[in-house]
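Could you have a look at this structure, given as structure tokens, before my questions?
The values are calculated or read from the model by the stated rules, or taken from the named source; none is laboratory data. Owing to the predicted nature of the structure, the values given are computational and were not obtained by experimental measurement. Note that each Cβ is placed from the backbone with ideal geometry, even for glycine, and that neighbours are counted across all protein chains shown. Surface areas here come from the heavy atoms of the whole protein model, side chains and all, with no ligands, DNA or RNA. Shrake-Rupley method; radii C 1.70, N 1.55, O 1.52, S 1.80 Å.
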Amino acid sequence: MKRRHFIQISSLAVVASGTAYTLNRGLRFPSLGLELPELSSNFLDRDTNITHQDAILVRSDEQQMHFRANVPEPKFRLYANTARKLSFIVENLSTKAQLAVTGASTVNETISGLQRLVELDLTGGSEVLLQWDVPSTKNFRFAAIGDTGGGPELGWCIRRAAELGADFILHLGDLNYRPEDYDLARENLLNSPIPIYVSIGNHDYRDGGIYFHGRFRTLIGPLNSEFTLGGIRFLNIDTASDFFPASSGQRGKFIRRLQINKNIRDTIAFTHRPMADPRLGSAHDIGGGGQISWLASQLKRLNCTNLLAGHIHSKAEIDHEGIFNFIAGQGLAIEDIISEQSVAEILMGNITPNEMVQFHWAPLLMPFNYHRNLEDLSTQISPEKFARLKSILPG
Ligand SMILES: [Fe+2]
């Protein structure tokens, strides 16, 4: 083979393998970039191997390991090579969750709100399994809302969901609109009386040209996750970015791995962006490139016909490609300010034995002094009204 041909063929092979790698890993846009690397759910603390698939590691320092559960019934697996004492905190656990441990000689659990401090005596060369179970899951209720930001509006939505009897909240993304919002959101999540599972929003991923996905994944939760409670399966699906190809990235891998299970009688997907925008001339939906039809076909494969989403700061219900979209994006209750009366609503899901999930809307009733995000309204209300409201609202 001539040298020139060899170089041409080698170059084509490099380009082809690079393209195959890129398509397999997936591209995110905007702004264009490769899919994020997966975070490990396994690490070594001294000589103890810790597996935490159902929780993110928020912090690990000299003092204390700290995890945040992203499902109601998380499991941990520990393997200590030598005998030692080990303690860690798990946050975001229902006060009803009960711990079962196998393999440890001594276990002490201290409950403080939604946080559990677990102290263990580990025997060398033994495996320890910890699992929290929520008993009596035949009847329960959840709330779903998105687009709260991280400040007082989020605090109110949490309080209101608990008042309405929710056992947990599905947050539909965008708790980051301002530089201080991740810190405020953490504070609100830590003070919540009920667990919150958050789907990543576009502002949580990237805002004002700055990438925040690192903060999301180390403080709030994973990009995609699932859990089943009382025969109902919940799928947390990342629609913070567009993906190319539609089935690529961690989202594609996560969804393709899911199988139908005969013990699941209903499946609810929750995410940030809806499959369709019901407003004329507006396109706040999941996006093009075949993503919507791919996602719809995958949800139908999993017998999931209800998708809960935010992103649109309003309330709507729309059937699209056989998937019923509930849009619950009134977490800032902006429409309350525009109309100067309480109109915003929060979505509630009720679970009763042998039934599919029943949905209804409940008034959000956000007090006026909880509003903070007036800037969003500068183009929607008159300058006079904007100035008047700005003078009486905090922030
Ligand atoms: Fe959004």
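Whenever you get a sec, compute what percent of the accessible area on the chain sits on carbon and sulfur atoms (1.4 Å probe).
For the chain, the apolar C and S fraction of the accessible surface comes to 54 percent.
Would you work out the charge dipole size for segment 128-282 about its Cα centre, treating the Cβ of every Lys and Arg as +1 and the Cβ of every Asp and Glu as -1, and quote it to the nearest 20 debye?
640 debye
Taking the full set of protein chains and a 1.4 angstrom probe, give the accessible area of LYS138 in square angstrom, rounded to the nearest 10.
Accessible area of LYS138: about 140 Å².
Based on the alpha-carbon gyration tensor of segment 37-93 and its eigenvalue square roots a ≥ b ≥ c, which shape applies: rounded if a/c is under 1.5, prolate if not and a/b is larger than b/c, or oblate?
prolate
Okay, moving on. Is the shape of the chain best called rounded, prolate or oblate, per the rule: a/c under 1.5 gives rounded, else a/b larger than b/c gives prolate, else oblate, with a ≥ b ≥ c the square roots of the Cα gyration tensor eigenvalues?
It comes out oblate by the Cα gyration axes.
Quick check on the chain: helices-only [θ] at 222 nm, where DSSP H runs of length 4 and up contribute -39,500 (n - 2.57) each and the sum goes over total residues. Nearest 500, please.
Here the helix-only value at 222 nm equals -6500 deg cm²/dmol.
Next up: Counting only heavy atoms of protein chains, what accessible area per residue, in Å², does the chain have with a probe of 1.4 Å?
Ligands and nucleic acids excluded, the result is 45 Å² per residue.
Please compute the net charge surrounding GLY103, taking Lys and Arg as +1 and Asp and Glu as -1 over other residues with Cβ under 10 Å from its Cβ.
Neighbourhood net charge equals 0.
Sticking with this one: Taking amide H positions as placed 1.01 Å from N in the peptide plane, with prolines and chain starts having none, which residues 5 or more places from GLY201, or on another chain, fall under 5 Å of its amide H?
ASP174, LEU175
Counting other Cβ atoms within 10 Å of each Cβ, which GluC sites (Glu not before Pro) in segment 152-251 have at most 16 and sit in a DSSP loop?
GLU180
Right, here's the next one. Have a look at LEU32, HIS52, MET65 and report the one farthest towards the positive end of the charge dipole of the chain, computed about the Cα centre with Cβ charges (Lys/Arg +1, Asp/Glu -1).
Comparing the listed Cα positions along the dipole, LEU32 ranks first.
What figure in square angstrom, to the nearest 10, would you give for the accessible area of ASP174 with a 1.4 Å probe?
0 Å²
Let me ask something additional. Using 0.36 nm per residue of separation minus the Cα-Cα distance, give me the extension gain between THR22 and LEU280 in nm, one decimal.
89.3 nm
A follow-up question, please. ³J(HN,Hα) across segment 150-165 via Karplus (A = 6.51, B = -1.76, C = 1.60, θ = phi - 60°), whole Hz, x for Gly/Pro?
x, x, x, 5, 4, x, 5, 4, 5, 4, 5, 4, 5, 4, 7, x
Further, regarding this structure: To the nearest 20 Debye, how big is the dipole of segment 253-344 about its Cα centre, given +1 on the beta carbon of each Lys and Arg and -1 on that of each Asp and Glu?
Values: 10 positive and 9 negative charges, 165 e Å.
About 800 debye.
Indicate the gyration tensor shape class of segment 138-222 (rounded, prolate or oblate), computed on the Cα atoms with a ≥ b ≥ c the square roots of the eigenvalues: a/c under 1.5 is rounded; otherwise a/b larger than b/c is prolate and the rest oblate. Write out the running numbers ahead of the final one.
On the way: a/c = 2.24, a/b = 1.85, b/c = 1.21.
Judged from the Cα gyration tensor, segment 138-222 comes out prolate (a/c at least 1.5, a/b above b/c).
Quote the charge dipole size of the chain about the Cα centre in Debye, to the nearest 20; the model charges only the Cβ of Lys and Arg (+1) and of Asp and Glu (-1).
1360 debye
I'd like the accessible area for TYR211: 1.4 Å probe, protein heavy atoms, all chains in place, Å² to the nearest 10.
Accessible area, nearest 10 Å²: 110 Å².
May I pose another question? Of the beta bridges DSSP finds with both residues in segment 292-395, what % are antiparallel, to the nearest 5?
Counting DSSP beta bridges with both partners in segment 292-395, the antiparallel share is about 75 percent.
Further, regarding this structure: Return the percentage of antiparallel bridges among DSSP beta bridges fully within segment 270-348, rounded to the nearest 5 %. All intermediate terms of the calculation are to be shown ahead of the outcome.
Working: 6 of 11 bridges.
So the antiparallel bridges amount to about 55 percent of the total.
Oh, and also: Given H placed 1.01 Å from N in the peptide plane, which residues other than close sequence neighbours of GLN98 have an amide H under 5 Å from its amide H?
ASP133, VAL134
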